[in-house]
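Okay, structure first, notes after.
The values are calculated or read from the model by the stated rules, or taken from the named source; none is laboratory data. This is a predicted model, so every value here is computed, not measured. With ideal geometry, Cβ positions are generated from the backbone for all residues, glycine too; neighbour counts draw on all protein chains shown.
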Amino acid sequence: MILLDRVSKIYNRKATALERINLHIEPKEFVIVVGQSGAGKTTLLRLLTREEKPTSGKIVVGGIDYDKLKDKDIPLLRRKIGVVFQDFKLLPNRTVFENVAFALEIVGMGNKEIQNTVPKVLDIVNLKNKANNMPYELSGGERQRVAIARAIVRQPKILIADEPTGNLDPKFAWDVIKVLEKINKFGTTVLLTTHNQEIVNKLKRRVVVIENGKIVSDRTNASYRL
């Protein structure tokens, strides 16, 4: 599903973000990427979504060889990859339903199919009863779950969750993590970055540790100490 073979990203002589990274993630895996700020986690995610190009090495995602990826095909790639950020990025003047529907509107899905699809996705993230609410009426955890619904409504094969609990209280953080686990059980590959040591240690998933642009540990059922 995700393959990085000796991937490096060098910005200049003083800034090597990633150095000869090797990483293989199978379909339907749930992988946690951890590391201090500046370790290279964000660069890794930006390479996967093709916001950045590697300086060297090979990247293959979902059977797509990034060396052969044309610029015009990048939007198609990004439909296969859902991304959730720390700061939600919801449209403030649209309801929960409309925020999720927007992701379908921009790819040209018809209204009838949108009306059929969005409630199902809101049900997955336990927000079906909030469809008509505005973002400002929701808790932080609920807003993040709307963001997750929007990221998965096009049924991506991969979901990247970049510090999705960073701004949330512990209870709301766990609500978000439970939704990610549910999505993973449905067959979506989940790649989670987090600074939350408790989440990492309770989940008992595969943990990839990045330090100074290098993978220093890659273990299943692992714990992690910041």
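Scan segment 44-67 for residues that are out of contact with any Phe, Trp or Tyr (no Cβ under 9 Å at 6 or more places or on another chain), more than 18 Å from residue 189 (Cβ to Cβ) and surrounded by 14 or more Cβ atoms within 10 Å (Cβ to Cβ) and the total you get is 2.
Return yes or no: is residue 135 touching a strand residue (DSSP E or B) at 6+ places or on another chain (Cβ under 7 Å) and crowded, with 18+ Cβ neighbours inside 10 Å? Answer is no for this residue. Within segment 216-224, at least one residue is part of a strand (DSSP E or B), surrounded by fewer than 21 Cβ atoms within 10 Å (Cβ to Cβ), of a type outside the set (Lys, Arg) and touching a residue at least 12 places away in the same chain (Cβ under 8 Å).
Out of the residues in segment 72-124 that are assigned to a helix (DSSP H, G or I) and β-branched (Val, Ile, Thr), state the one that is modelled with the lowest pLDDT. Per the criteria, the residue is 74.
Can you find a residue in segment 48-66 that is touching an Asp or Glu at 6+ places or on another chain (Cβ under 6 Å) and farther than 17 Å from residue 3 by Cβ? No, every residue in segment 48-66 fails to be touching an Asp or Glu at 6+ places or on another chain (Cβ under 6 Å) and farther than 17 Å from residue 3 by Cβ.
One residue alone among 164, 170 is buried (at least 23 other Cβ atoms within 10 Å of the Cβ) and more than 18 Å from residue 79 (Cβ to Cβ), and that residue is 164. Checking each residue of segment 8-21 against the condition of being of a type in the set (Gly, Ala, Ser), modelled with pLDDT under 95, out of contact with any strand residue (DSSP E or B) (no Cβ under 8 Å at 6 or more places or on another chain) and in a strand (DSSP E or B) gives at least one match. Just to be sure before I move on: is residue 182 free of Cβ contacts under 8 Å to residues at least 40 places away in the same chain, assigned to a helix (DSSP H, G or I) and closer than 25 Å to residue 26 by Cβ in the structure I sent? No, not satisfied.
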